[in-house]
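Student: Pasting a structure here, questions to come.
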Amino acid sequence: MSVSEREHVMPPRPLMPWTMALCVGLCASCGLVLNVAADLLLGERSASAASLWAIPIAAAACIVLARFCMRLTRWRRWLHAAALGLVAGAVVSAGWAIGALHTSRALDNRAASSLEFVVHGDPSSNDGAYSYTCDAYAGENRLGQVRLSCDRELGAGSHVHAIGRISLFENDAYGRSRVLRGELRKVKVIRLVSVDEGSPGPLLRLRNGLLASIAPATDPARSLIAGVVCGRSAELRAQPAGDWFSVTGTAHLIAVSGSHLAIVGFVIEGVLQKTRCSRGLQRAMLAITLVGYAAFTGASPSAVRACCMVFATLVVNGAGRRRHGLSALFVTMSIFVLLRPTVLFEMGFQLSCASVFAILCFCPYATYALSELGVPPGIASMLSVTLCSQLATLPITVPAFGAFSLIAPLANAVIGPVVSLLLAVSIVLVPFSLVAPLQVWALVVPMIAARCALFFEQLFAAVPGASVSVPPDSMWIYLVPCFLGILLVWWPRPQARPMAAGLVCLALLAGIPYIYWDRFAPPSVTVLDVGQADAILVRQGSVVALVDCGLDERVVSALVRNNVHHIDAVFVTHWDEDHWGGLPDVLDQFSVGTIVVAADALDGAPAEVLNRPGVTYRQVACGDTVDIGAFRTRVMWPFDTVDGEGNEDSLVLLLSYAQEGKSLRVLLTGDAELDQEREFVQEVGDIDVLKLGHHGSKVSVDTDLLGTLKPELSIASAGEGNRYGHPSDACIDVVRDAGGAFACTIEQGDITVTPTAKGFAMRCQRP
């Protein structure tokens, strides 16, 4: 290829519109005001409004610079736009904050039974418990949004009367995120009084009918079809298949976004072209159809954003003007934030806008760079989309999920076309499932495509090191936006040799986390978030042990996101299913050296865990010790031989670490309760961390027990909305009255404790 041809192929630097300054100023002022409001709503007395003076000062500075600095004439429009954005964002967010504070006071004086709750959208589910975003009404007056949780699935638009508790969100990361999204209180339903499904509109009736015919809860392939076609992913996320999409970095393929609308638009446009309608009428019908589809799928921020950009493009094309994707993006973002400031903190909105911005700016450049390395154009185009969106969203995904998918580019290149085909055929065929004689046959082809997609998802998710855990507070992830900013200003011509050397270095760097976690992991004890079950990960260096295995396949996902590649020993405290149910999946997915149980408890072991090739079985008694790296593990209970069937038979382990001036003592109690704990507590003595027995039930601890153990931190492993009410309020009150800190996997996710020279450090990671 000649130099002139290369210059022709080399993409130009994208033109940044002045609307970018407007959008940045708008988002900055909104974010600042809403964070101050969140402090007040969460009961944070240290909240200070002094920082809000930065908004008018910054706006005034922009105006002054634009007015008096002659050298900034070319930036005058940008400065005026930034000033306007700062002021407009402050006004609209302050209006929301005042209304939210007023609503908050109104909710404090109301009982849940005096309110009516109107459900919005699909639920999030965990262990049979459902959570909803609801509007709270007092008569005809709308008070505001709340987070309602109950044990029953409710349809969108349902009017609910219930007896329950209205309370503040905890002032933690999860509680703050809910408040910033506009949910002012959480409502725990004790008993549903009445549920009125109401009279849904035609789109909602159609959606409910399709979901009923698809039956997403019955099969992973059906749940994938429901997610792709109807935008309902609750059933898919509740299954192990949902974790595959997270591990492979392909979760965006399910979310209704621009790619979905593009495929739907392609199908609809193909149908419209077969008609004799004029071009203008075709565009109008296409716009109406896309708006209807966005509403049909639940009107998620990403779908509405994509719909607005498509609509803007159609208008510009119809007017004969040159379209500019970045201008459409920033205008759309600004309108969203002006209409509803809290959308700024919705992850779907953040991910959608960041990925679209990166694709519009850098995708042509990345495609050209990959082509310089000899990658075929079609593959280069697919890889560039994934790489750009993944890099741009790192500062969002890593703090939220604590993981980074290394296999995402390859997985997206393979699975992306399959999911696109699934959507295309499903849009055409799935509606026929509403016709009774065709219900089965209409889903045949979509089911084949869905199973093919799930096959590749499972295949890529099983690759060792497919996803690596990254500390949510890692600062290096913020170097990525800096790098993209430098690239945007510099815009160098890609050259094959420097890029090849850079890719080799990146590959070596990518392998460092795998080697680190496999050989040099720091000493830690992690209570894994596996729902209403127990699973505790203990590791140091290359040695890994697992105490209990959860209830189901979720334990495998928890181990993957914590970078576990092998397991030296699995301790099963007793044979309750919520302690061993995930063991067969662990044995299938990982190499396991030894299974350890209490003395004589092996006789009661389920057949699924026995006679596994390469696995040894060991029985331990009170006083025995097992080394897990530098951790000395001592058996404290049971005193006698047991069959391992009851809670009283639980294997209780005392973990002790003392090395290099650091120490840690952790007591793992399984499902042991007060009657058993009183037998050995004097011998245990002071500890640092207590894993509460029986998921934090009311009979797990008392004041005397905590007075002897003196734990600085007590941890409960439980599932959100579980029917047992774990952890109990009595347990939490006893822990806090004793002066210790309390943590639960419901709020914190995976809870990791590491020894330090001054005691221990705690880190949390939500799945």
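Student: Report whether or not Gln682 is part of a helix (DSSP H, G or I) and crowded, with 20+ Cβ neighbours inside 10 Å. Talk me through it step by step, then tell me what you get.
Tutor: On the way: part of a helix (DSSP H, G or I): yes; crowded, with 20+ Cβ neighbours inside 10 Å: no.
It is false that Gln682 is part of a helix (DSSP H, G or I) and crowded, with 20+ Cβ neighbours inside 10 Å.
Student: Given the criterion surrounded by 18 or more Cβ atoms within 10 Å (Cβ to Cβ) and over 13 Å from Val525 (Cβ atoms), identify the matching residue among Ile746, Ile715. Spell out how you get there, then give the answer.
Tutor: Working: Ile715 fails: over 13 Å from Val525 (Cβ atoms).
That would be Ile746, the only listed residue that is surrounded by 18 or more Cβ atoms within 10 Å (Cβ to Cβ) and over 13 Å from Val525 (Cβ atoms).
Student: Moving on. Show the residue pairs that are 6+ apart or on different chains and have beta-carbon atoms under 7 Å apart, the first residue being within the stretch 496-520 and more than 25 Å from Ile567 (Cα to Cα), the second being surrounded by 10 or more Cβ atoms within 10 Å (Cβ to Cβ).
Tutor: Between residues of the stretch 496-520 that are more than 25 Å from Ile567 (Cα to Cα) and residues that are surrounded by 10 or more Cβ atoms within 10 Å (Cβ to Cβ), the close pairs are Ala496/Glu372; Ala496/Leu373; Met499/Ala369; Met499/Glu372; Met499/Leu373; Ala500/Leu373.
Student: A follow-up question, please. Of the conditions (1) outside any helix (DSSP H, G or I); (2) modelled with pLDDT of 90 or more; (3) within 27 Å of Ser167 (Cα to Cα), Gly725 satisfies every one except a single condition; which number is it?
Tutor: Only one criterion is unmet by Gly725, namely (2).
Student: Answer yes or no: is there a residue in the stretch 130-149 that is closer than 15 Å to Gly182 by Cβ and either at pLDDT below 80 or not in a strand (DSSP E or B) (or both).
Tutor: No, because not a single residue in the stretch 130-149 is closer than 15 Å to Gly182 by Cβ and either at pLDDT below 80 or not in a strand (DSSP E or B) (or both).
Student: Let me ask something else about it. Identify all residues within the stretch 540-558 that are of a type in the set (Gly, Ala, Ser) and either surrounded by 20 or more Cβ atoms within 10 Å (Cβ to Cβ) or part of a strand (DSSP E or B) (or both); write none if there are none.
Tutor: Of all residues in the stretch 540-558, those of a type in the set (Gly, Ala, Ser) come to 541-542, 545, 550, 557-558.
If the condition is that a residue be of a type in the set (Gly, Ala, Ser) and either surrounded by 20 or more Cβ atoms within 10 Å (Cβ to Cβ) or part of a strand (DSSP E or B) (or both), then Gly541, Ala545, Gly550, Ser557, Ala558 are the ones that fit.
Student: Within the set of pairs 6+ apart or on separate chains, which have a first residue in the stretch 625-641 that is closer than 24 Å to Thr754 by Cβ, a second that is of a type in the set (Lys, Arg) and part of a strand (DSSP E or B), and C-beta atoms under 8 Å apart?
Tutor: The qualifying pairs are Thr625/Arg632; Thr625/Arg634; Ile628/Arg539; Gly629/Arg539.
Student: Restricting the search to the stretch 382-413, which residues are of a type in the set (Val, Ile, Thr), crowded, with 18+ Cβ neighbours inside 10 Å and assigned to a helix (DSSP H, G or I)?
Tutor: Correct list: Val385, Thr386, Thr397, Val398.
Student: One residue is enough: does the stretch 192-200 have a residue meeting the conditions out of contact with any strand residue (DSSP E or B) (no Cβ under 9 Å at 6 or more places or on another chain) and at pLDDT below 85?
Tutor: Step one: list which residues in the stretch 192-200 are out of contact with any strand residue (DSSP E or B) (no Cβ under 9 Å at 6 or more places or on another chain), which gives 199-200.
If we keep only those that are at pLDDT below 85 as well, we get 199-200.
Yes: one or more hits.
Student: Give me the residue from the stretch 490-503 that is hydrophobic (A, V, I, L, M, F, W, C) and at pLDDT 80 or above and, out of that set, farthest from Ala358 (Cα to Cα). Can you show your working first?
Tutor: From the stretch 490-503, those hydrophobic (A, V, I, L, M, F, W, C) are 490-491, 496, 499-501, 503; that's our starting set.
Of the ones still in play, those that are also at pLDDT 80 or above are 490-491, 501.
On the way: Trp490: 16, Trp491: 14, Ala501: 24 Å.
Here the residue is Ala501.
Student: State whether the residues of the stretch 228-239 include one that is among the charged types (D, E, K, R), in contact with a strand residue (DSSP E or B) (Cβ under 6 Å, 6 or more places away or on another chain), assigned to a loop (DSSP other than H, G, I, E, B) and in contact (Cβ under 8 Å) with a residue 24 or more places away in the chain. It would help to see each step written out before you state the result.
Tutor: Here is the first cut: in the stretch 228-239, the ones among the charged types (D, E, K, R) are 232, 235, 237.
Subset that is in contact with a strand residue (DSSP E or B) (Cβ under 6 Å, 6 or more places away or on another chain): 232.
Retained after the next criterion (residues that are assigned to a loop (DSSP other than H, G, I, E, B)): 232.
Keeping just the survivors that are in contact (Cβ under 8 Å) with a residue 24 or more places away in the chain gives 232.
Yes, the stretch 228-239 has at least one match.
Student: Provide a single number: the residues in the stretch 645-679 that are surrounded by 19 or more Cβ atoms within 10 Å (Cβ to Cβ) and over 36 Å from the mean Cα position of the chain (by Cα).
Tutor: Of the residues in that region, 3 qualify.
Student: Is it the case that some residue within the stretch 512-519 is in a strand (DSSP E or B), of a type in the set (A, V, I, L, M) and under 25 Å from the mean Cα position of the chain (by Cα)?
Tutor: Of the stretch 512-519, the ones in a strand (DSSP E or B) are none.
The answer is no, given that none of the residues of the stretch 512-519 is in a strand (DSSP E or B), of a type in the set (A, V, I, L, M) and under 25 Å from the mean Cα position of the chain (by Cα).
Student: Looking at the stretch 29-40, I want the residues that are farther than 24 Å from Ala81 by Cα and have a partner that is assigned to a helix (DSSP H, G or I) and charged (D, E, K, R) with Cβ atoms under 8 Å, at least 6 apart or on another chain. Which pairs are those?
Tutor: Ala38/Arg176
Student: Continuing with the same structure: Tell me yes or no: at least one residue of the stretch 559-573 is buried (at least 20 other Cβ atoms within 10 Å of the Cβ), touching a residue at least 12 places away in the same chain (Cβ under 8 Å), outside any loop (DSSP other than H, G, I, E, B) and of a type in the set (S, T, N, Q).
Tutor: The answer is no, given that none of the residues of the stretch 559-573 is buried (at least 20 other Cβ atoms within 10 Å of the Cβ), touching a residue at least 12 places away in the same chain (Cβ under 8 Å), outside any loop (DSSP other than H, G, I, E, B) and of a type in the set (S, T, N, Q).
Student: Still on this model: Would you pick out the residues in the stretch 325-350 that are modelled with pLDDT under 85, under 22 Å from the mean Cα position of the chain (by Cα) and among the aliphatic types (A, V, I, L, M)?
Tutor: Met347
Student: Follow-up question, since we're still on this one. What are the pairs with Cβ atoms under 8 angstrom where one residue, in the stretch 192-208, is of a type in the set (Lys, Arg) and the other, located anywhere, is in a helix (DSSP H, G or I) and at pLDDT below 80? Sequence gap at least six, or different chains.
Tutor: Arg207/Phe296
Student: Next question. Select from the stretch 274-324 the residues that are among the charged types (D, E, K, R) and under 20 Å from Ala358 (Cβ atoms) and write down the one among them that is modelled with the lowest pLDDT. Explain how you work it out, then say what you get.
Tutor: We begin by selecting, within the stretch 274-324, every residue among the charged types (D, E, K, R); these are 274, 276, 279, 283, 305, 321-323.
From what's left, under 20 Å from Ala358 (Cβ atoms): 305, 323.
Working: Arg305: 70, Arg323: 64.
The qualifying residue modelled with the lowest pLDDT is Arg323.
Student: If we scan the stretch 329-350, do we find a residue that is in the same structural domain as Leu488 (by TED's automatic domain parsing), under 30 Å from Arg493 (Cβ atoms), crowded, with 19+ Cβ neighbours inside 10 Å and in contact (Cβ under 8 Å) with a residue 60 or more places away in the chain?
Tutor: Within the stretch 329-350, not a single residue is in the same structural domain as Leu488 (by TED's automatic domain parsing), under 30 Å from Arg493 (Cβ atoms), crowded, with 19+ Cβ neighbours inside 10 Å and in contact (Cβ under 8 Å) with a residue 60 or more places away in the chain.
A quick yes/no check of all residues on (1) in a loop (DSSP other than H, G, I, E, B); (2) modelled with pLDDT of 85 or more; (3) out of contact with any helix residue (DSSP H, G or I) (no Cβ under 9 Å at 6 or more places or on another chain); (4) buried (at least 17 other Cβ atoms within 10 Å of the Cβ):
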residue	(1), (2), (3), (4)
Leu438	no, no, no, no
Ile448	no, yes, no, no
Leu479	no, no, yes, no
Leu488	no, yes, no, no
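Student: Here's something else I'd like to know. Kindly provide the set of residues from the stretch 201-217 that are assigned to a helix (DSSP H, G or I), at pLDDT below 85 and out of contact with any Lys or Arg (no Cβ under 9 Å at 6 or more places or on another chain), ordered by number.
Tutor: Initial filter on the stretch 201-217 (assigned to a helix (DSSP H, G or I)): 202-214, 216-217.
Next, from what is left, pick out any that are at pLDDT below 85: 202-212, 217.
Result: Pro202, Leu203, Leu204, Arg205, Leu206, Asn208, Gly209, Leu210, Ala212, Ala217.
Student: Looking at the stretch 115-124, is at least one residue touching a Phe, Trp or Tyr at 6+ places or on another chain (Cβ under 8 Å), part of a loop (DSSP other than H, G, I, E, B) and more than 21 Å from Gln748 (Cα to Cα)? Give the derivation first.
Tutor: So in the stretch 115-124, the residues touching a Phe, Trp or Tyr at 6+ places or on another chain (Cβ under 8 Å) come out as 115-121, 123-124.
Still in the list and also part of a loop (DSSP other than H, G, I, E, B): 115.
Then drop every residue that is not more than 21 Å from Gln748 (Cα to Cα), which leaves 115.
The answer is yes; a qualifying residue exists.
The values are calculated or read from the model by the stated rules, or taken from the named source; none is laboratory data. These numbers were taken from a predicted model, which means no experiment stands behind them. In this analysis, Cβ positions are derived from the backbone assuming ideal geometry, glycine residues included, and neighbour counts consider all displayed protein chains.
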